[in-house]
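One structure below.
Derivation of every value follows stated rules applied to the coordinates shown; laboratory data play no part. This structure is a prediction, so every number in the text was calculated from the model and none was measured. Note that we place each Cβ from the backbone using ideal geometry, even for glycine, and neighbour counts take in every protein chain shown.
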Amino acid sequence: MAEDLYSVLGVSRSADQKEIRRAYREKARKFHPDVNKTPGAEDTFKRISEAHDVLSDPETRAQYDRFGENFRQYAAADAARSSEQPRRSGGTRYTWSGGGAQSVNWEDLFGGGFGGFGRGADHTAELEITVEEAYRGGRRTVQVASPYGGAQEYTIDIPAGAVDGQRLRIAGAGGAGADGQDGDLLVTLRVKDSKRYRLSGADIETDLPISPWEAALGADVSVPTPGGPVTVHVPPGSSTGRRLRLRGQGMPRRGQPGDLYARVKVVVPRTLSKKEKELFEQLRDVSSFDARRGS
């Protein structure tokens, strides 16, 4: 029996495309025949390349996940059958879209294609959401449409505190089953960083612009968070890059919520009034501070 392709790359079956690409690059560099001259390295490299070719393509990965190492035989049989008979609902290419997110395409290669398999195939798709949507949760209306006619709308409930990679299930929205039981649509959430917020696990990071005098003297300033503005104290002598922690203001979690980190960003005015320029010049003349000392 051939080695499992996921094991060849050293990733789990739930690995996303970034993990698969990263694992492939690491192993390809290690076993490339131009680099590794040990016996068997070339064969290992070919197997790594084959695993990447199969698992990096959503369609062939779906075939492999369902049928294992002989998936190509089933795909060929399905293609031959499709050329002889009109397409059925299980062999239709669908477009999935919703909420302003990009469309996601997939091929329903097997649902309804082989009567002996019973339940229809599950389909997979990805949906991009913002950090704000992941924080608050909410509903998205999406549409599963076929270019051969017909469409169906579904409502997805996004839970508050959703995490990147979380999978939601829409029962019966997958491939048509030979025994009348349709497969499901499995939607993987992808939480996308925005201009304002960056997500790291349960923690959120945001930039906090402050003035030079606020940085030098300290100040209480308002920080925007997904849950609403919160006041934070900027200690005197804060420089750009300093992180201020707001406990419990990160992503909602059962038990302990994440934290929000406000990263200080000192912003200098582009233009100065005559009075402001005079004051800065006075500060320059009386201050002994050297920003480059010890750097």
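Structural remarks
- Region 171-295: relative contact order in percent, alpha carbon pairs under 8 Å with at least 6 residues between: 20 percent
- Excluding same-chain neighbours fewer than eight residues apart, the lysines reachable from LYS46 by a Cα-Cα span under 24 Å are LYS18, LYS27, LYS30, LYS37.
- Taking Cβ atoms as reference points and 14 Å as the exclusive limit, the residues near PRO257 contribute a net charge of +3, counting Lys and Arg as +1 and Asp and Glu as -1.
- Under 28 Å from LYS274, Cα to Cα: lysines that are on another chain or at least 8 residues apart: LYS265
- Reach of LYS192 by Cα under 20 Å, taken over aspartates and glutamates that are not fewer than 8 positions away in the same chain: ASP16, GLU19, GLU126, GLU128, GLU132, GLU133, ASP157, ASP164, ASP203, GLU205, ASP207, ASP259
- Charge tally for ARG167 (other residues, Cβ to Cβ under 12 Å; Lys, Arg +1; Asp, Glu -1): -3.
- The modelled label-to-label distance for the pair GLU42/THR130, using points 7 Å beyond Cα in the direction of Cβ, is 5.5 nm.
- Remark on THR124: its backbone amide H falls under 5 Å from those of LEU186, a criterion applied only to residues 5 or more positions apart or on other chains, H modelled at 1.01 Å from N.
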